[in-house]
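The structure appears right after this line, and notes come after that.
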Amino acid sequence: PTSSTTGLLLVAGLAARDGLVVTTADITGAYLNAPMPTDKPVNMRLDMNIASILCELKPEFKAHLSSRGMIVRLEKALYGCLDSGRLWYEEISGTLIKNKYVRSSYDKCIFMKEDTYVVLYVDDLFIASKTQSQADQLIKILETSYQALSVHRGPVHEYLGLKFNYEEKRRLVVTMNSYQERVVQDWTVSKTATPAREDLLHIDHQSPVLEKSKSEAFHSMVARLLYLAKRVRPDILLPVVFLTTRVVAPTEQDWRKLDRVIRYLGGTKEMGVRYEFIDDDILPCYVDASFGVHEDGKSHTGSVILFGGGPIYVNSRKQKIVTKSSWEAEVVAASDSGTQILWVVRLLQELGLGNAKAILYQDNQGAATCLEKGGSTAPASRHVSIRYFWLRDVIEEGLVSVEWIPTEKMVADGLTKPPVEGK
């Protein structure tokens, strides 16, 4: 397992909120610290070149050298083995637990000990602690166990391609400027006002399919944009999510849509996400749905969860079922997003904000009223009924409340339909 982006941003936000010291560390050759299980040995054939080098280092191995190379048995989790990632996770998590760090119940790669939080992403650690000495104690433990570590201290950190800036008190700025620069550097960029036109979701079935090389470039670029959009550029998430559905057989029309996203990105590549912590125990959650916007009649869901005024979770996706009204579409959107909202609230409470709760904002008055106060009759469709009553249970539990807001204040609106030109 690796930590979720939302879990990482929650811990990073808590560091800004509570004035914690951030330290990042990278364990060199991490997998090679994990022993292979002796009950299921893994053998490997070395070719003549590698076997000859081994024999120069260990002359006693020459007796095992044949014309086909050498068979060896692995003692450590070599990179490339299927089990190596799991074995390393068990090793590093075991070390943390042995030193009294408690693993989160909601994210297997977040560990806690008093005022210290550790986020684990394979061999990269994000440490937020009350004092630098607390972080240094953990670094010393890791250096004793794994020797080779690269450690970075200070207010600015590069972690998993994200740049975390803590130079302002109770504020955090997260950017990916270098990554964005690499994305657009080979593209002819001219500025555009929006990342997509109003006809984004329209598919022209007569548009020519891209040739193989261009299709592969399309697929690669969409994947890179999705990585960016899910972290610091939610403003491009809707068109990128749509383009991910087109990677199997992209057309010239799809290429033009991709081109527009990159041109928009080229003119805004310094943008990132800013967090400022004032009212910290309330998580505003904006959920919206555009009814029947896809050609198969399905609706589209957009959702944003804010912490410190910045997004820690964004999602934009086509709904999996066909709904019969905008009310049903909103209930499906709220229910599907409610799972993530509930997970975030419970994780935040586990991390120390015991009073944390979420407000789910809806711009459909009927859906908001029905979810908040309950309806006199159950929705007619069984699949919608189940979603409705599940969410009502969550609301009655007190972890989530529902409020109506006007559409112009709906933050998630841009995740369900492209903006109108000139607005």
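For this structure, a couple of remarks:
- Taking the chain and dividing mean pair separation by its residue count, relative contact order in percent (alpha carbons under 8 Å, at least six apart): 15 percent
- Residue pairs exceeding 21 angstrom between C-alpha atoms, taken from LYS324/LYS417; LYS163/LYS269; LYS191/LYS212; LYS212/LYS257: LYS191/LYS212.
- Residue (of ALA358, ALA16, MET221) at the positive-pole extreme of the chain, dipole from beta-carbon charges: MET221
- Think of it as helices only: each DSSP H run of n ≥ 4 in the chain is worth -39500 (n - 2.57), and spread over all residues that comes to -11500 deg cm²/dmol at 222 nm.
- Relative packing of 388-399, 236-247, which averages over residues the other C-beta atoms within 10 Å, highest first: 236-247, 388-399
- When a 1.4 Å probe is rolled over the protein heavy atoms, the share of accessible surface on the range 293-417 that falls to carbon and sulfur comes to 49 percent.
- Taking Cα atoms only, the orientation of helix 84-98 departs from the longest principal axis of the chain by about 90 degrees.
- From most to least packed by mean Cβ count within 10 Å, the peptides 338-347, 138-147, 309-318 give 309-318, 338-347, 138-147.
- Solvent-accessible area, 1.4 Å probe, carbon plus sulfur percent, for the range 155-263: 50 percent
- Hits among lysines - C-alpha to C-alpha of LYS320 under 16 Å, sequence gap 8 or more where chains match: LYS298
- Bridges between two residues of the chain, per DSSP, are antiparallel at a rate of about 85%.
- Cα-based Lys pair tally, the range 1-147, threshold under 17 Å, eight or more apart or on separate chains: 11
- Those chymotrypsin sites (Phe, Trp or Tyr not before Pro) in the range 70-136 that DSSP places in a loop and that have at most 14 other beta carbons within 10 Å: TYR79
- Whole-number accessible area per residue in Å² for the chain, which is evaluated in the context of all protein chains at 1.4 Å: 49 Å²
The values are calculated or read from the model by the stated rules, or taken from the named source; none is laboratory data. Bear in mind the structure is a predicted one, so any value in this text is a computation, not a measurement. A quick note on method: Cβ atoms are made from the backbone with ideal geometry, for glycine too, and the neighbour counts reach across all protein chains shown. Areas reflect the complete protein model, heavy atoms only, side chains present, ligands, DNA and RNA absent. Shrake-Rupley method; radii C 1.70, N 1.55, O 1.52, S 1.80 Å.
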